[in-house]
Every structure is written in structure tokens, then in C-alpha cells.
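The values are calculated or read from the model by the stated rules, or taken from the named source; none is laboratory data. Given the structure is predicted, the values throughout are model-derived calculations rather than measurements. Note: ideal-geometry Cβ built from the backbone for every residue, glycine included; neighbour counts use all protein chains shown. Each accessible area value is taken on the protein alone, full model and side chains, heavy atoms only, with ligands, DNA and RNA left out. Shrake-Rupley method; radii C 1.70, N 1.55, O 1.52, S 1.80 Å.
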Amino acid sequence: DLAMNIQNRPELVRRLVQNGMGMVELHATWCEPRFDDAGESPQTARVKLREWRLKAPADYYGKIKKEFDDAGITIFTYYTNFGEDHTDTEIDAIFEAARMLGAKGVIGSYGLAIAQRLAPFPSKHGMFAGLHNHDNLSDPDAFSSEASIVKGLSYSPDFKATPDMRHFTAANGDCLGFLERHHDRVSSVHLGDRRRNNGRSTPFGEGDAPLIEILRLIRDNQWPIMALL
């Protein structure tokens, strides 16, 4: 029920503290201004956002980091999508923003082609880039299966898998087998529940995702994999 914008960030922090959350994957929409005012075309808004990213004040993200630090919350990763219209300087600015927030990596929803283009950027900023999956098995460019994620990981040692277990379940993937085979390249897992066979999302425990087994597997093997709700 909470719109993801700058104005609601204090309420986000309050709710994280209230619910005992000590770590967050922070979406860029909580940090960046919106340029989609009435009468503004999507193209113009996109240009304005790029320009803002390139000219953001030096201390802008440091102040946001302090908000979370003061609340005892670690910003583990920074989430923003990448597309063909991103310039190299804009990609650098996004990684630099994540670094100033204290994040270890940058996560986003994109496909194999964009991943190839992103391959040189994480190491420039001392970070990793996370490959996030969905359930679209019909798109050969999409991260949706174990094979597609493994292919993406081959593009750079600075790529890590961030499997969303509800989407992986909906795509009939083997969540536990994936972790057993690739845990050394996994930075975090997104935990949510969903039905198999491209089924609907459900409350925890009412779908087919093996959530308890995933957490036990990570715990018992002491893998340094973050669990994100």
C-alpha cells in the first residue's frame, strides 16, 4: 500500500524497523525524483531522469545512506532496471550511486543482451551485478531458467545470480538443485511463494516454492547468501 517514492522513504524505514528487518535491497524509485508529471511525455521524463543521474549532488546518496545507517539497516543491493537507452555514463552513475549508498551490488531486471553490455561495469566500481530471473520461458533473451542464468554468469566473474524463487518455481525450476549447484555464484535469494506452471503468487506457505527448505539449505551449509523477502 506504500507508493515507492522519495516522499515515502521515511515510512519505508519506519516499517522496516517495526518488522525487525536489518537489510534491504533498495529500489532506485525510493531515491530518485520522478519526472512523470501531468503532460510530460515518457520520452522527456526519461531524458530528465538521465540528466539528473549525471548531475546528482555529491552528498545526495550519502545522506540517504545515513538515514538507513541511523535506523540500523544495511543497504545490501541497489535495484534499478537497465535498457538499450542507457548510456555508458549513465550506467557508471548508477553504479556510483549504489557504491555511495554502501551497496555491494546492483540488481535489475534485464536480459542476456543487456547483461553482455553491463559486463565491464561492476569491476570498475568494486561491485557485482545481480542477474534477476522472471518466468518468461518463451523469450530466449530472458533470465528464466537455470541454463539462461548460467549463460549470463559466464559473461563476467562479477555477475552473481539473485534468483527470485517464486518466479523460478512458476517456471518449474529446481530451486534447491540450483542452489546446490551454483551457490558459489549466488549473492541473495528473493523469497516469495507462487504456484508452479506459471501460477499465481500466493501468501507464504500456500504456493509451491520450497521456502523452508531453501532457508535450511543456506543455514546448514553456512553459505553467505542473503535472504530477501
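Observations on the model:
- Cα gyration tensor of the range 44-110 - equivalent ellipsoid semi-axes, whole Å, descending: 22, 14, 9
- Its Cα gyration tensor gives the range 110-185 an equivalent ellipsoid, and the semi-axes of that ellipsoid, as √(5λ) in whole Å with the largest first, are 21, 14, 9.
- Counted charge near residue 17, where neighbours are those whose Cβ lies closer than 12 Å (Asp, Glu -1; Lys, Arg +1): -1
- Annotated for the chain: lysine pairs at least 8 residues apart or interchain, Cα distance under 15 Å, count 4.
- Build a GNM of the chain with springs between Cα atoms under 10 Å apart, and of 192, 20, 173 the one that fluctuates most is 20.
- Mean-position separation - Cα centroids, the range 41-106 and the range 123-167, in angstrom: 20
- Counted residue by residue at 0.36 nm each, then reduced by the alpha carbon distance between them, the extension gain from residue 141 to residue 5 reaches 46.0 nm.
- Whole-Hz Karplus values for the range 159-176 come out as 8, 10, 7, 10, x, 8, 6, 6, 5, 4, 5, 4, 8, 6, x, 9, 4, 5 Hz, taken residue by residue from phi with 6.51 cos²θ - 1.76 cosθ + 1.60 and θ = phi - 60°; glycine and proline positions read x.
- Exposed GluC sites (Glu not before Pro) absent - longest run of the chain, DSSP non-H/G/I/E/B, at most 14 other C-beta within 10 Å: 85-205
- Heavy-atom accessible area per residue - the chain, 1.4 Å, Å²: 50
- Extension gain, residue 174 back to residue 200 (0.36 nm per residue minus Cα-Cα distance, nm): 7.6 nm
- Across the alpha-carbon atoms of the chain, the computed radius of gyration and Dmax are 17.7, 54 angstrom.
- Rg/Rg_globular for the range 1-92, with Rg_globular taken as 2.2 N^0.38 Å and Rg from C-alpha atoms: 1.18
- Within the chain, percent of DSSP bridges classed antiparallel, to nearest 5: 10
- Under a 5 Å amide H cut-off, with hydrogens placed 1.01 Å from N, residue 159 pairs with 129 among residues at least 5 apart or on other chains.
- Those residues of the range 25-68 whose amide nitrogen sits under 18 Å from the label point placed on residue 124, 7 Å along Cα→Cβ: 50-56
- Rolled with a 1.4 Å probe across the full set of protein chains, the surface gives residue 181 an accessible area near 120 Å².
- Taking 13, 47, 189 as the candidate residues, the one with maximal mean-square fluctuation in a Gaussian network model of the chain, Cα springs under 10 Å, is 47.
- Overall, the accessible surface of the range 20-62 at a probe of 1.4 angstrom is composed of carbon and sulfur to the extent of 58 percent.
- Solvent accessible area, Å² - residue 175, 1.4 Å probe, full protein context: 0
- Computed log10 I(q)/I(0) for the range 78-135 at 0.25 Å⁻¹: -1.05, from the Debye equation with unit scatterers placed on every C-alpha and solvent omitted.
- Of 57, 210, 163, the residue with the greatest mean-square motion in the GNM of the chain, using alpha carbon springs below 10 Å, is 57.
- For residue 66, solvent-accessible area (1.4 Å; no DNA, RNA or ligand), Å²: 120
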